[in-house]
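The values are calculated or read from the model by the stated rules, or taken from the named source; none is laboratory data. Predicted model only: the values in this text are computed from it and were never measured. Ideal geometry is used to build each Cβ from the backbone, glycine not excepted, and the neighbour counts take in all protein chains shown.
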Amino acid sequence: MAPLGGTGGPLSPAEIEANFADIKPPLDKKRAIVDSARCFFCHDAPCVEACPTGIDIPNFIRMISTGNVKGAAVEILQENIFGGMCARVCPTEVLCERACVRNTSEDRPVDIGLLQRYAVDQLVETGKQPFQRAASSGRRVAVVGAGPAGLSCAHRLAMLGHAVTVFEARENAGGLNEYGIAAYKTVDSFAQREVDFILSIGGIEVKKGQRLGKNIKLEDLARDHDAVFLGIGLGGVNALNLPGENEMQGVLDAVDYIAELRQAKEKSQLKVGRHVVVIGGGNTAIDIAVQTKKLGAEDVTLAYRRGPYNMSATHHEQEFAQISGVKIKHWTKPVKLIGKNGAIAGVELEYTRLDAGGRLEGTGETFTIECDQLFKAIGQTLTLPSALKIEKGKIVVDAAYKTNVPKVWAGGDCITSGTDLTVQSVQDGKLAAHAIDRAFRENGHG
Ligand SMILES: Cc1cc2nc3c(=O)[nH]c(=O)nc-3n(C[C@H](O)[C@H](O)[C@H](O)COP(=O)(O)OP(=O)(O)OC[C@H]3O[C@@H](n4cnc5c(N)ncnc54)[C@H](O)[C@@H]3O)c2cc1C
Ligand code: SF4
């Protein structure tokens, strides 16, 4: 990351650590029992419908209420092996908890996410794997990418008796759980403990520093394995396409900075601007805006080209950013980066509106915001040159997660499966593992 030159935040290391405390502290036993008793244990529960991984929510909550915490954890993990991380990062306010029948104007939903965390954390902390591998099938599968999609697929394949090798480009496994999720959602080293727990099933070898397209080739993987699963996420970042973007110090890619923040031993050592501008309207934009504020930025402005309802960040996240002191300016887009001595000094923004045909246009009216750090958070892109069929920047798969390339399946953010959420990637990986297993049994090959 480019140095900022004397714009370090005024907060002390202790204040910064306090700012990054767990945003949703875990339930203790008493609260878990009280909250589990609030569940109506609905038949055909709408919360289950709303969960992308289809966890039997009333069943696990009932187990917690009767003191069977381990049983509850197994119930969750058999549908979602990343149940611990999903309990921390799922936007439950638009998924299970929105659907909960207790979510009315007079009441509040059952704390499904916190109850899930209560049960899963206790099992993960024992380090004991509750699932066993089936007898060896003799099949070998290559999984590319050790993120939620890749590891969910690997774990399910191992349960089904297949031998898995995971090829991961980075130093640590976990994907964005390790390098992307906001630090206040997953404090301490839970992401790595969860990876260790998942791998403890056995039969999964992880090879790090292996990048498909660089030191490994898809055709070699397909030749040497019975099937290949691609869970490579979205590595690239969209550009603003403004002069100076790549040259000016302080113009940064939000995802890179967040990765650095997540890996930092001492957050107070990170360079944070005094006046920060974030361009974007999704999870990443909200996360970088909130985290720079927590690191000590004096003011943080998030500029988004459309209105609040068009932002992919949920209403809850937008509200959280505003409560955290982030100013959100809707209907504005950057038109010029203003530099001084090789560094960003300001950004000119133009107001936007919809024309008669509903297309976005600039109004011609502009204003300037002073800034010494500007983050690009306008979406990520797939970076994989290969024979795979790509549409709208994502790998095309059929209903069984199969790509156009023989023996190759894909899932997670790198395909179009609805939402770019951790929980959806976990579900993709799990379902793809079953599809691969079916292909082995039906066709004798991938
Ligand atoms: C900043 C940020 C915050 C987010 N916050 C939330 C949140 O709060 N809640 C939520 O539900 N979702 C959130 N998301 C989305 C969520 O993180 C993703 O949907 C999820 O991680 C996708 O999982 P994946 O396995 O498909 O990809 P990834 O997690 O991106 O994992 C892909 C893995 O593949 C590896 N890889 C990539 N290319 C190659 C290659 N060529 N060869 C080998 N390995 C490769 C990568 O190193 C990585 O380990 C956030 C995303 C970002 C960027
Ligand atoms: S909808 Fe709410 S009350 Fe009904 S089972 Fe789900 S969590 Fe319980």
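Considering 356, 321, 345, the condition of being in a loop (DSSP other than H, G, I, E, B) and not charged (D, E, K, R) is satisfied by 356 alone. When only residues in region 76-91 that are under 13 Å from residue 48 (Cβ atoms) and buried (at least 24 other Cβ atoms within 10 Å of the Cβ) count, which is farthest from ligand 2 (Cβ to nearest atom)? Restricting to residues being under 13 Å from residue 48 (Cβ atoms) and buried (at least 24 other Cβ atoms within 10 Å of the Cβ), the top hit is 80. Contact map, region 174-190: first residue under 12 Å from residue 259 (Cβ atoms) and among the aliphatic types (A, V, I, L, M), second residue within 6 Å of ligand 1 (Cβ to nearest atom) and assigned to a loop (DSSP other than H, G, I, E, B), Cβ cut-off under 7 Å, separation 6 or more or different chains; pairs are 176/147; 176/233.
Of the candidates 98, 102, 117, 108, the single residue that is within 16 Å of ligand 2 (Cβ to nearest atom) and in contact with a Gly (Cβ under 7 Å, 6 or more places away or on another chain) is 117. For region 208-223, filtered to residues that are within 10 Å of ligand 1 (Cβ to nearest atom) and small (Gly, Ala, Ser), the residue that is surrounded by the fewest Cβ atoms within 10 Å (Cβ to Cβ) is 209. Scanning region 226-252 for residues that are over 19 Å from residue 428 (Cβ atoms) and in contact with a Ser or Thr (Cβ under 8 Å, 6 or more places away or on another chain) yields 236, 237, 238. Based on what the data block shows, is residue 24 under 28 Å from residue 288 (Cα atoms) and either touching a Leu at 6+ places or on another chain (Cβ under 9 Å) or surrounded by fewer than 15 Cβ atoms within 10 Å (Cβ to Cβ) (or both)? So residue 24 fits the description; yes.
Screening 161, 174 for residues that are in a loop (DSSP other than H, G, I, E, B) and either of a type in the set (Asp, Glu) or over 24 Å from the mean Cα position of the chain (by Cα) (or both) leaves exactly one candidate, 161.
Please count how many residues of region 408-446 are in a loop (DSSP other than H, G, I, E, B) and at pLDDT 95 or above. Break it down stepwise before answering.
So in region 408-446, the residues in a loop (DSSP other than H, G, I, E, B) come out as 411, 416-421, 444-446.
If we keep only those that are at pLDDT 95 or above too, we end up with 411.
Of the residues in region 408-446, 1 are in a loop (DSSP other than H, G, I, E, B) and at pLDDT 95 or above.
The residue that is surrounded by the most Cβ atoms within 10 Å (Cβ to Cβ), among those in region 402-414 that are in contact with a helix residue (DSSP H, G or I) (Cβ under 7 Å, 6 or more places away or on another chain) and within 12 Å of residue 234 (Cβ to Cβ), is 412.
Looking at region 194-275, none of the strands (runs of 3 or more DSSP E) lying wholly inside it contains 1 or more residues that are farther than 30 Å from residue 74 by Cβ, among the aliphatic types (A, V, I, L, M) and out of contact with any strand residue (DSSP E or B) (no Cβ under 6 Å at 6 or more places or on another chain).
Please go through region 76-86 and give me each residue that is outside any loop (DSSP other than H, G, I, E, B) and within 13 Å of residue 424 (Cα to Cα), ordered by number.
Passing the criteria: 83, 85, 86.
For region 10-20, the condition holds for at least one residue, the condition being that it is under 21 Å from residue 283 (Cα atoms) and more than 16 Å from ligand 1 (Cβ to nearest atom). Looking only at region 42-92, residues that are in contact with a Pro (Cβ under 7 Å, 6 or more places away or on another chain) and within 17 Å of residue 119 (Cα to Cα) come to 3 in all. Going by what's in this entry, would residue 93 be described as at pLDDT below 95 and in contact with a helix residue (DSSP H, G or I) (Cβ under 9 Å, 6 or more places away or on another chain)? When the stated conditions are applied, residue 93 passes them.
So for region 379-401 (the condition being crowded, with 21+ Cβ neighbours inside 10 Å and within 30 Å of residue 349 (Cβ to Cβ)), does at least one residue qualify? Yes; the residues of region 379-401 include at least one that is crowded, with 21+ Cβ neighbours inside 10 Å and within 30 Å of residue 349 (Cβ to Cβ).
How about region 19-61: which of its residues are part of a helix (DSSP H, G or I) and among the acidic types (Asp, Glu)?
Selection gives 35, 49.
Here are some residues: 407, 430, 376. Which one is at positive phi and more than 16 Å from ligand 2 (Cβ to nearest atom)? Answer to the check: 407.
Report yes if some residue within region 95-108 is surrounded by fewer than 24 Cβ atoms within 10 Å (Cβ to Cβ), within 15 Å of ligand 1 (Cβ to nearest atom) and part of a helix (DSSP H, G or I); otherwise report no. Yes; the residues of region 95-108 include at least one that is surrounded by fewer than 24 Cβ atoms within 10 Å (Cβ to Cβ), within 15 Å of ligand 1 (Cβ to nearest atom) and part of a helix (DSSP H, G or I).
Of all the criteria given as (1) under 30 Å from residue 219 (Cβ atoms); (2) in contact with a Leu (Cβ under 8 Å, 6 or more places away or on another chain); (3) at pLDDT 95 or above, the one not satisfied by residue 398 is (2).
Go through region 383-407 and give me each residue that's farther than 25 Å from residue 181 by Cα and either among the basic types (Lys, Arg) or outside any loop (DSSP other than H, G, I, E, B) (or both). 389, 390, 391, 402, 407 - these are the residues of region 383-407 that are farther than 25 Å from residue 181 by Cα and either among the basic types (Lys, Arg) or outside any loop (DSSP other than H, G, I, E, B) (or both).
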